[in-house]
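Peer 1: Provided herewith is a single structure, encoded as structure tokens, for subsequent inquiry.
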Amino acid sequence: GAGVSQSPSNKVTEKGKDVELRCDPISGHTALYWYRQRLGQGLEFLIYFQGNSAPDKSGLPSDRFSAERTGESVSTLTIQRTQQEDSAVYLCASSLSRTPTDTQYFGPGTRLTVL
Amino acid sequence: DQQVKQNSPSLSVQEGRISILNCDYTNSMFDYFLWYKKYPAEGPTFLISISSIKDKNEDGRFTVFLNKSAKHLSLHIVPSQPGDSAVYFCAASAPYNQGGKLIFGQGTELSVKP
């Protein structure tokens, strides 16, 4: 079946511009996570959604970052007034539920470069 | 504050030999651990996991060992194959009441030479 998809695969933007990244989770997965990986580092949790519950935004690095999810479908991560330190690969993952033993399946990521 | 640490950024082994990747954690509340494998330009893929009620979990060539008293886990791959060359991430799952978010180490790049 279809896995997690993300678009665009690459995004180059100028400092100060806004960007929007999209994630399509696996159908039927109620939990959706956003992570980012900066160069040479591990994955860093940003935000997660579980069904209609309030999202856990505890990992968002600043108020320039926001995310939305409509029901149990597509999610968008928006970064306003991008900075060079926002350059990273942004990864989305989905799982059946938020239970830790439910495997998180990752998309291929969006590579964001802020010039 | 790095709660999950992989202190070796890279590891090189010969095909057919054992690969041992190490991971340390600081939070004693973690009770579920995972290893993910990542190829370039792809997302991480789940490899193997272990619950804190166990000290070993085996799946084919992959075995994960957990030493709770030392807050240490390791991934053994035997025999290693060139196709195993990838970056391996150790991760701990946050407790259920904090959602299923994963806390990752920095990764270890494994190179298996023919």
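Peer 1: Just one of the numbered conditions (1) farther than 30 Å from A:S7 by Cβ; (2) modelled with pLDDT of 95 or more is not true of B:S52; which one?
Peer 2: All conditions pass for B:S52, except number (2).
Peer 1: Hey, another quick one. Against the condition within 14 Å of another protein chain (Cβ to nearest Cβ) and touching a residue at least 12 places away in the same chain (Cβ under 8 Å), how does B:F104 come out, does it pass? Show your work before the answer.
Peer 2: Details: within 14 Å of another protein chain (Cβ to nearest Cβ): yes; touching a residue at least 12 places away in the same chain (Cβ under 8 Å): yes.
It is true that B:F104 is within 14 Å of another protein chain (Cβ to nearest Cβ) and touching a residue at least 12 places away in the same chain (Cβ under 8 Å).
Peer 1: I've got another one for you. Six or more apart or on different chains, Cβ atoms under 6 Å: show the pairs whose first residue is in segment A:2-25 and at positive phi and whose second is modelled with pLDDT of 95 or more.
Peer 2: A:G16/A:R81
Peer 1: Follow-up. Can you pull out every residue in segment B:54-71 that is within 14 Å of another protein chain (Cβ to nearest Cβ) and exposed (fewer than 14 other Cβ atoms within 10 Å of the Cβ)?
Peer 2: Looking only at segment B:54-71, we keep the residues that are within 14 Å of another protein chain (Cβ to nearest Cβ), and these are B:54, B:57, B:59.
Within segment B:54-71, B:K54, B:D59 meet the criteria.
Peer 1: Sticking with this structure for a sec: Going through segment A:15-54 one residue at a time, which ones are facing chain B (nearest Cβ under 8 Å) and within 22 Å of B:Y88 (Cβ to Cβ)?
Peer 2: Result: A:Y33, A:Y35, A:G40, A:Q41, A:G42, A:L43, A:E44, A:F45.
Peer 1: When you scan segment A:1-74 for strands (runs of 3 or more DSSP E) that lie fully inside it, which ones turn up with 1 or more residues that are of a type in the set (K, R) and closer than 14 Å to A:V89 by Cβ?
Peer 2: Output list reads A:10-13, A:31-37.
Peer 1: Under the condition of being within 14 Å of chain A (Cβ to nearest Cβ) and more than 18 Å from B:C23 (Cα to Cα), which residue from segment B:77-100 is surrounded by the fewest Cβ atoms within 10 Å (Cβ to Cβ)?
Peer 2: B:N97
Peer 1: Does any residue in segment B:34-46 that is farther than 15 Å from B:L21 by Cβ and more than 7 Å from chain A (Cβ to nearest Cβ) come within less than 7 Å, Cβ to Cβ, of a residue that is assigned to a strand (DSSP E or B) and small (G, A, S) six or more places away or on a different chain, and which pairs are these?
Peer 2: Close Cβ pairs satisfying both conditions: B:Y39/B:A86.
Peer 1: Kindly establish whether B:I103 is in contact with a strand residue (DSSP E or B) (Cβ under 9 Å, 6 or more places away or on another chain) and within 30 Å of A:P25 (Cβ to Cβ).
Peer 2: yes
Peer 1: For residues in segment A:104-115 being of a type in the set (S, T, N, Q) and crowded, with 16+ Cβ neighbours inside 10 Å, which is nearest to the other protein chains (Cβ to nearest Cβ)? Give the derivation first.
Peer 2: We begin by selecting, within segment A:104-115, every residue of a type in the set (S, T, N, Q); these are A:104, A:110, A:113.
After this cut, where a residue has to be crowded, with 16+ Cβ neighbours inside 10 Å as well, the list is A:104, A:110.
Working: A:Q104: 7, A:T110: 11 Å.
Looking at residues that are of a type in the set (S, T, N, Q) and crowded, with 16+ Cβ neighbours inside 10 Å, I get A:Q104.
Peer 1: Considering (1) in contact (Cβ under 8 Å) with a residue 12 or more places away in the chain; (2) farther than 30 Å from B:I53 by Cβ, say which one A:G40 fails and leave the rest.
Peer 2: Looking at each condition in turn, A:G40 falls short on (1).
Peer 1: Check A:T13, A:T78, A:T70 and return the single one that is touching a Phe, Trp or Tyr at 6+ places or on another chain (Cβ under 8 Å) and surrounded by fewer than 18 Cβ atoms within 10 Å (Cβ to Cβ). Quick ask: steps written out before the conclusion?
Peer 2: Details: A:T13 fails: touching a Phe, Trp or Tyr at 6+ places or on another chain (Cβ under 8 Å); A:T70 fails: touching a Phe, Trp or Tyr at 6+ places or on another chain (Cβ under 8 Å).
Step by step, each of A:T13, A:T78, A:T70 is checked, and only A:T78 is touching a Phe, Trp or Tyr at 6+ places or on another chain (Cβ under 8 Å) and surrounded by fewer than 18 Cβ atoms within 10 Å (Cβ to Cβ).
Peer 1: Identify, by number, the condition in (1) among the basic types (K, R); (2) at negative phi; (3) away from chain A (no Cβ under 14 Å) that B:K5 doesn't meet.
Peer 2: Only one criterion in (1) among the basic types (K, R); (2) at negative phi; (3) away from chain A (no Cβ under 14 Å) is unmet by B:K5, namely (3).
Peer 1: So if I check each of B:S51, B:S74, which one is free of Cβ contacts under 8 Å to residues at least 24 places away in the same chain, more than 26 Å from A:S9 (Cβ to Cβ), surrounded by fewer than 17 Cβ atoms within 10 Å (Cβ to Cβ) and of a type in the set (S, T, N, Q)?
Peer 2: Residue meeting the stated conditions: B:S51.
Peer 1: Here is a further query. Go through (1) part of a loop (DSSP other than H, G, I, E, B); (2) over 22 Å from B:F33 (Cβ atoms); (3) more than 11 Å from the chain's Cα centre (by Cα) one by one and return the number of the condition A:R98 breaks.
Peer 2: Answer for A:R98: the failing condition is (2).
The values are calculated or read from the model by the stated rules, or taken from the named source; none is laboratory data. Everything quoted here is computed from the prediction, not taken from an experiment. Glycine gets a Cβ as well: all are built from the backbone with ideal geometry, and neighbour counts include every protein chain shown.
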